[in-house]
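Visitor: One structure, as structure tokens, below. Some questions next.
Derivation of every value follows stated rules applied to the coordinates shown; laboratory data play no part. Keep in mind that what you see is a predicted model, and the values were worked out from it rather than measured. Virtual Cβ from ideal backbone geometry, glycine too; neighbours counted across all protein chains shown.
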Amino acid sequence: MNEGSKVAILIGQGARGAAAQVREVAELLGAGVAKALLGKDSLPDDLPYVTGSIGLLGTRPSYEMMRDCDTLLTVGSSFPYTQFLPEPGQARGVQIDIDPKMIGLRYSNEFNIVADAGNALRALIPHLERKQDRSWQEGLESSISRWWETMHDEAMVSADPVNPMRLFAELSSRLPENAMLSADSGSSANWYARQLKFRGEVRGSLSGNLATMGPGVPYAIGAKFAHPGRPAIAFAGDGAMQMNGLAELITIKHYWREWSDPRLVVAVLHNNDLNQVTWEMRAMGGVPAFRESQALPDVDYAGFAESLGLQGIHMDNPDDVGPAWEKALAADRPTLLDVRTDPDIPPIPPHATLEQARKTAEAMVKGDDSAWGVVKEGVKTKIQEFLPHKEG
Ligand SMILES: Cc1ncc(C[n+]2csc(CCOP(=O)(O)OP(=O)(O)O)c2C)c(N)n1
Ligand SMILES: [Mg+2]
């Protein structure tokens, strides 16, 4: 770690108790820090050298840092997608994990340390030399700030009617520092990973390993029982709401008066589609959208919440999204945000493989009935990554 000149750090949820030590190491070594999805709340996103999420749901700066680094320090993460890690032999690896089963599993390290993350880093720090050459970290920092600008620009692209990214971006700037977030397994997991900027003591979770549908609303309810004085926010697809989320609103009705802070916001991505899988079928199988399996019946989610005495807000105008968050975060009761989101906004990863891009194009040619909308929205959003950016 002293010898390398391009140090990348990968953290997971196992580093949550070692945030102060990870910061110290990153500052000493002039490193960047990428976060596995379950470790998104292990370090805030407003530190300039945090590249954010990694993997298919991750950011371009994380991808590029792993592509270019010469040293990899992994702390408390079992992140499995090795195609997003350095090539074998490219980087000298050090791993710290409390679980010996995880050690050396994803990368062939030179040093494997089985220990508590905080203790191991505390012992290591006195041996680390502060890097004089800061150019690697400075380069990462400028691509990170450009990335966040891009995320903002993508979220502001017009859509039919609401761009789902905007729902997340408008929360990012209003996120209470003690909020507890959850996302369901659907398109919302992508926007949770890439659009939400965690800061302060924000906590967040989702079904990181199993990726099952259904946890979004129950996780938020569980969080309220653990910390009734903190606001909770769940993002859930309409498919997840029909599966169990609507019934869980009844659980919320039953208990919310027991919580000292009554704020629990359920934001529903109302796109009448099992959208994540519609996209997976396009990208992986080259299969056009198969409406018979993908379409969902239209349901009045806000109306259902209102029938239970909760606040319900319908939204089909992008300019209402920001004010709706303010209303929900100022409310004296739980709120359901029923947002008409555009299913044609692709959850394109920052570096879709050529193969996936080719399959998507094939699906379009085979007669996907949203082909035109998809191409239009995809191009409009993706182009934000290439447009010239504001200085500074
Ligand atoms: C229990 C379960 N069933 C099916 C899946 C496969 N799956 C993943 S995302 C998804 C669609 C989610 O649809 P929705 O909740 O409406 O969210 P959207 O992607 O439309 O935002 C499906 C079927 C899963 N992960 N878990
Ligand atoms: Mg849906």
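Visitor: Ranked by Cβ crowding within 10 angstrom, fewest neighbours first, how are Leu171, Leu28, Leu249 ordered?
Guide: Ascending number of Cβ neighbours within 10 Å: Leu28, Leu249, Leu171.
Visitor: Cα atoms only, the range 7-144: Rg and Dmax in Å?
Guide: Expressed in Å, the Cα Rg and Dmax of the range 7-144 come to 13.2, 37.
Visitor: Could you work out the mean projected area of the convex hull around the alpha carbons of the range 67-132, in square nanometres to one decimal?
Guide: So the Cα hull casts an average projection of 4.8 nm².
Visitor: Under a plain spin-label model, where a point goes 7 Å from the Cα along Cα-to-Cβ, how far apart in nm are Asp332 and Ala20?
Guide: It works out to 4.1 nm between the two label points.
Visitor: Let me ask something additional. Multiply the residue gap between Glu306 and Gln90 by 0.36 nm, knock off their C-alpha separation, and tell me the result in nm, one decimal place.
Guide: 72.1 nm
Visitor: Using the number of other C-beta atoms within 10 angstrom as an exposure proxy, rank Phe225, Phe235 with the fewest first.
Guide: Going from sparsest to densest Cβ surroundings: Phe225, Phe235.
Visitor: Let me ask something else about it. Provide the gained length on full extension for the span Lys253 to Asp99, in nm with one decimal, where the gain is 0.36 nm per separating residue minus the Cα-Cα distance.
Guide: Fully extending the segment from Lys253 to Asp99 adds 51.4 nm.
Visitor: If you filter the range 110-151 for trypsin sites (Lys or Arg not before Pro), then keep DSSP loop positions with at most 14 other Cβ within 10 Å, what is left?
Guide: Of the trypsin sites (Lys or Arg not before Pro), the ones in loops of the range 110-151 whose Cβ has at most 14 other Cβ atoms within 10 Å are Arg130, Arg134.
Visitor: Bin width 20 Å, alpha-carbon pairs only: give the P(r) of the chain as whole percents, running from 0 to the bin holding the largest distance.
Guide: Distribution as computed: 28, 56, 16, 0 percent.
Visitor: Normalising by the residue count of the range 159-385, find the relative contact order in percent from Cα pairs under 8 Å and 6+ residues apart.
Guide: It rounds to 23 percent for the range 159-385.
Visitor: List the pairs from Lys197/Lys327; Lys35/Lys253; Lys35/Lys101 whose alpha-carbon separation is above 27 Å, in the order I gave them.
Guide: Where the Cα-Cα span goes over 27 Å, the pairs concerned are Lys35/Lys253.
Visitor: Explain nothing, just the number: relative contact order of the chain, from Cα pairs under 8 Å at least 6 residues apart, as a whole percent.
Guide: 15 percent.
Visitor: I need the peptides 239-246, 63-70, 199-206, 173-180 ranked by packing, meaning the mean over residues of other C-beta atoms within 10 angstrom, with the highest value on top.
Guide: By packing density, highest mean first, the sequence is 239-246, 63-70, 199-206, 173-180.
Visitor: Average the reciprocal distances over every distinct pair of alpha-carbons in the range 159-385, invert the result, and give the Kirkwood radius in Å.
Guide: 17.8
Visitor: While we're here: Run lengths n ≥ 4 of DSSP H only: what is the helix-derived mean residue ellipticity at 222 nm for the chain, with -39500 (n - 2.57) per run over all residues, to the nearest 500?
Guide: So the helix-based figure for the chain works out to -10500 deg cm²/dmol.
Visitor: By counting other Cβ atoms within 10 Å of each Cβ, how are Lys197, Lys253, Lys40 ranked from fewest to most?
Guide: Least crowded to most crowded, the residues run Lys253, Lys197, Lys40.
Visitor: Kindly write out, for the range 234-244 in residue order, the coupling ³J(HN,Hα) from the Karplus curve 6.51 cos²θ - 1.76 cosθ + 1.60 (θ = phi - 60°), rounded to whole Hz, with x marking Gly and Pro.
Guide: 10, 9, 9, x, 5, x, 5, 5, 6, 6, 8
Visitor: How much length is gained on full extension from Phe290 to Asp261, taking 0.36 nm per residue of separation minus their Cα-Cα distance?
Guide: Here the answer is 6.1 nm.
Visitor: Further question: Please report the relative contact order for the range 7-144, taking Cα pairs under 8 Å with a sequence separation of at least 6, and give it as a percent rounded to a whole number.
Guide: Worked out over the range 7-144, it gives 29 percent.
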